[in-house]
Amino acid sequence: MTYARKSLGRLGEELAVSFLKKKGYKILETNFVIKGFGEIDIICKKKDKIVFVEVRTKSSLRYGTPEESITPKKQQKLINLAHLYLNIKKWHYKKFAIDGVFVEKKDGEYEIRHLENMLECD
């Protein structure tokens, strides 16, 4: 991954954290890595629900929208990572959600879209 792409991804995650805080989410962790399995971009809580957030940032639509980059395979990986995280933390939440925050650069500005309950799990 190039430096420019990593920088864009980090910026998107910072914008997403700020956006979620303004919407009343309590940020618990960011960039939580489970070796050999992957990374969870943002883990937060809203009311009594744990929410795992996948952030996708794009500066061009050449390869599709940020939403289109979350394939069924990626969705399953996110579900598996969420279950692993809950097991690691020994948290016994019966329900959790996976949200998507999509950041797109348009005309020098960043547009943020939030898809709540993109994947609702139990």
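A few comments on the model shown:
- When the range 58-95 is limited to residues that are aromatic (F, W, Y) and at pLDDT below 90, the one that is farthest from D48 (Cα to Cα) turns out to be Y63.
- The set of residues in the range 31-44 that are part of a strand (DSSP E or B) and either over 13 Å from the mean Cα position of the chain (by Cα) or closer than 14 Å to L81 by Cβ (or both) comprises N31, F32, V33, I34, G38, E39, I40, D41, I42, I43.
- Considering residues of the range 31-45 that are surrounded by 12 or more Cβ atoms within 10 Å (Cβ to Cβ) and among the aliphatic types (A, V, I, L, M) only, the residue farthest from L115 (Cα to Cα): I34
Yes or no, residue by residue, for (1) over 19 Å from R5 (Cα atoms); (2) of a type in the set (A, V, I, L, M); (3) in contact with a strand residue (DSSP E or B) (Cβ under 9 Å, 6 or more places away or on another chain):
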{"position": "E29", "(1), (2), (3)": "yes, no, yes"}
{"position": "K35", "(1), (2), (3)": "yes, no, no"}
{"position": "K46", "(1), (2), (3)": "yes, no, yes"}
{"position": "R62", "(1), (2), (3)": "no, no, no"}
{"position": "P72", "(1), (2), (3)": "yes, no, no"}
{"position": "Y85", "(1), (2), (3)": "yes, no, yes"}
{"position": "K90", "(1), (2), (3)": "yes, no, no"}
{"position": "Y110", "(1), (2), (3)": "no, no, yes"}
{"position": "E116", "(1), (2), (3)": "yes, no, yes"}
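- Unmet criterion (only one of (1) under 15 Å from F37 (Cβ atoms); (2) surrounded by fewer than 18 Cβ atoms within 10 Å (Cβ to Cβ); (3) within 12 Å of the chain's Cα centre (by Cα)) for H114: (1)
- Residue, surrounded by the most Cβ atoms within 10 Å (Cβ to Cβ), within the range 86-111, restricted to residues that are more than 16 Å from G12 (Cβ to Cβ) and within 14 Å of the chain's Cα centre (by Cα): I98
- Test result for Y85, in contact (Cβ under 8 Å) with a residue 12 or more places away in the chain, assigned to a helix (DSSP H, G or I) and at negative phi: yes
- Residue that is surrounded by the fewest Cβ atoms within 10 Å (Cβ to Cβ) [pool: residues in the range 12-30 that are free of Cβ contacts under 8 Å to residues at least 60 places away in the same chain and outside any strand (DSSP E or B)]: K22
- Scanning the range 46-69 for residues that are surrounded by 12 or more Cβ atoms within 10 Å (Cβ to Cβ) and among the aromatic types (F, W, Y) yields one hit, F52.
- Residue pairs meeting the criteria (Cβ under 9 Å; at least 6 apart or on separate chains; first without any contact (Cβ under 8 Å) to a residue 60 or more places away in the chain, in the range 49-73; second of a type in the set (K, R) and in a loop (DSSP other than H, G, I, E, B)): K49/K95; I50/K95
The values are calculated or read from the model by the stated rules, or taken from the named source; none is laboratory data. Computed from a predicted model, the values in this text were never measured in an experiment. Counting neighbours? That spans all protein chains shown, and the Cβs are built from the backbone with ideal geometry, glycine included.
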